[in-house]
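Okay, so here's the structure we're looking at.
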Amino acid sequence: MRFNLIIFKRGIFHQDYTREFGYNLKLAYPVILSLLGHVIVQLVDNIMVGHLGPSELAAISLGNSYLLIALSIGLGFSIAITPLVAESQIAKRPQVIRLIFSNGLIICSTLGILLCFAIYLAHPILYNMGQSHDVVDMALPYLKWGSLSLVPVMMFQAFKQFTDGLSKTLPAMYATVISNILNVVLNYFLIFGIWIFPELGIEGAAIGTFLARSTKVLFMVWYVIDKREIRKYLPSFYDWQFKPVIFQKLLNIGYPSALQLMCEFLFFISAIWLSGILGKLSQAANQIGLNLTAVTYMFALGIGVVATIRVGNYKGAKDFDGLKRIAYSIFLLIILIDIVLLLLFLIGRSHLPWIYLDRNNLEEINEIKSVVYIASQVLLVASVFQIFNGIQAVIIGALRGLQDVKIPALICFFAYGFIGFPISYYFGMKTNYGTQGIWIGLLIGMLVASILLFARFRIISKHMILSRSRSYNHRR
C-alpha cells in the first residue's frame, strides 16, 4: 500500500505525525470512553446472561442482530451532524450550526420512532431464519424492549454528534458513565431477581438498558443548556424550523453513511446468522468474539470521530496540506493502538472466553468447554481482523470530514458483500473451519475495504491540494 511508502519516506515516527498524537488522544479519549461505555454494558449483559447458559447467550446475540440493523440506519444519519457542525464552527457561522442541530434532532427523533415500530413489527421473521426455536422464543422479549430503546438512543445521538462537532467530546462521556453505572445495577437486579425486583432473565437486561439509555438523553439536555459555550449554539424557540437546504445537506451525508454502516453491520450480522445455522454453541462462541472485538473497535471509532472533526476543521479552513498531514498522523495512531490490541488477543485467546461462562455449571460443562474452544479459534483470526477493522473505520471518519460518503459506501458494499460474505459462507458452511471460517471472511472483507478506502482518501486529498495550487497560480 502506498501509505507505507509515504510514512517511511520521513520515518514512521517523524514529528510531523507523532506531534499530533497528544492532541488527538486528548480529543479522542472522551469519545472512546463514551463508546466503550456502550460496549462494556453489552459485555456485562453478555457475561450476566452467559452465566444463565449457552442458549441464553445465543438468544441475546440473535436479538442484538436485529437491533444492530436498525442502529446502523439511525447512527448513519446522525453522523452527518458532526462534519457539518465542525466546518461551520471554523467558518464562524453560529446560525447555521443552530439550524443543523435543530434539523438533525428532528431527523434523529423521527427515525428513532420509525425504527422502533419497524423492528417490533418484523420480529416474526426470526422464526423463518433457520435459527433454533427455543433461542428465538427467548430472544423475542429482549427484542421488544430493545426496539423501544432505539428512541432514546437516537435522541442522544443528535446531542452527541452536535457536541462532538463543536470539539466538546466530554458531555457524551459523562452521560455514558452515569448511564452505564445505572445500567449495570438495573441489569443485575432484573436479570437475577435481586432485592425487590422480579427475576426476568434476558428480558431484564433489555429493560435495564432502556431505562439507562433514557437517562442519557436527560443528562445531555441538561448539559447543553447549562454550559454557556454550548448553549450559545442552541436554537431559540423561533429557530426550531424545518430548513430544506440544511435538511438536504444532512440527508446527502446521512443516507450514504447509513448505507455504509448498514453494509458493515449486516456483514457482522451475517456471521451471527451463519453461526446460528451451525448451532447454538457456535452462535454463543461467535457472540463472544463479536463482543470482545466490539470493545477494541471502540478505540477505532473514537479515533475515527477525531478524524472527522479535525479533517472537517482543516477543510473549513481550506488548509489541505495540514489536512493530509493530520489524517496520516491519525491513521498511524490507530495502527499502533491495534497492534497492541492484537497482542492482547493472541495472549488471552484461551482465557478470555471464560469471562462469559460459568465454570461451576456442571450440568452444561461439556457444552461450555466446546464454546470456549470454538471462541479461542475465533479470537485467533479476530486478533488480525481488528487491525484492518480499525484502519477502515478511521479512514471512513476522515472521508466523512471531507463530506465524501457516497463512494466509500459503495466500496464497503463491494468489499463486504462481494468479497467478505461469500468467503465467510464458503469457509463457514462448506469446510471444516466452521465459525473460524466465518471470521476468515470477515478478515478478508475488512482488508479489501481498508486498501480501497485509503486509495480513495489519497485521490480526494491529492485533488484538493492540486485544485488549490491551480487556483493560487491563476490568481497570480
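The values are calculated or read from the model by the stated rules, or taken from the named source; none is laboratory data. Being a predicted model, the structure only gives us computed values, none of them experimental. Because the Cβ atoms are built from the backbone with ideal geometry, glycine has one as well, and the counts that use them run over all protein chains shown. Note: areas computed on protein heavy atoms with side chains; ligands, DNA, RNA excluded. Shrake-Rupley method; radii C 1.70, N 1.55, O 1.52, S 1.80 Å.
Worth pointing out:
- Acute angle (nearest 10 degrees) that the helix 365-401 long axis makes with the longest principal axis of the chain, alpha-carbon atoms: 10
- Dipole of the range 316-428, positive direction: furthest Cα of LEU332, LEU402, TYR373, with charges on the beta-carbon: LEU402
- What you get for the chain, charging only the Cβ of Lys and Arg (+1) and of Asp and Glu (-1), is a dipole of about 2820 debye around the Cα centre.
- Label-point separation, LEU121 to ALA455 (7 Å along Cα→Cβ), nm: 4.2
- Relative contact order (%) - the chain, alpha-carbon pairs under 8 angstrom, separation at least six: 22
- At most 15 other Cβ within 10 Å, DSSP loop - chymotrypsin sites (Phe, Trp or Tyr not before Pro), the range 226-284: TRP240, PHE242
- Near-label residues of the range 154-176 by backbone N, under 14 Å of a point 7 Å along Cα→Cβ of ASP226: 170-176
- Taking one quarter of the surface of the convex hull spanned by the alpha-carbon atoms of the chain gives a direction-averaged projected area of 23.6 nm².
- In a fully extended conformation the segment linking VAL245 and ILE113 would gain 45.1 nm over its present Cα-Cα distance, using 0.36 nm per residue.
- Two-site FRET efficiency, ALA317 against ILE355, from Cβ-Cβ distance with R₀ of 56 Å, rounded to 0.05: 0.75
- Environment charge at LEU27 (Cβ cut-off 14 Å; Lys +1, Arg +1, Asp -1, Glu -1): +1
- Label zone at ASN252 (point 7 Å along Cα-to-Cβ), backbone N below 15 Å, the range 93-113: 100
- For the chain, the longest principal axis of the alpha carbon atoms and the long axis of helix 81-90 meet at an angle near 30°.
- In straight-distance terms, cross-link reach from LYS280 covers every one of the lysines whose alpha-carbon lies under 30 Å from its own, apart from those fewer than eight places away in the same chain; here that gives LYS144, LYS369, LYS430.
- Entry comment: accessible area of the chain is 41 Å² per residue, from protein heavy atoms only and a probe of 1.4 Å.
- With all protein chains in place and a 1.4 Å probe, the accessible surface of the chain carries 66 percent carbon and sulfur.
- Potential extension, MET429-ASP137 segment - 0.36 nm per residue separation minus Cα distance: 102.6 nm
- Qualifying GluC sites (Glu not before Pro) for the range 342-375 [loop in DSSP, other Cβ within 10 Å: at most 10]: none
- Helix 244-278 and the longest principal axis of the C-alpha atoms of the chain enclose an angle of approximately 30°.
- Where labels lie 7 Å past Cα in the beta-carbon direction, separation of LYS26 and LEU170 in nm: 1.2
- Cross-link pairs LYS92/LYS315; LYS249/LYS462; LYS26/LYS92; LYS318/LYS406; LYS168/LYS243; LYS160/LYS406 - those with Cα-Cα distance over 19 Å: LYS249/LYS462; LYS26/LYS92; LYS318/LYS406; LYS168/LYS243; LYS160/LYS406
- Where labels lie 7 Å past Cα in the beta-carbon direction, separation of GLU199 and LEU466 in nm: 6.9
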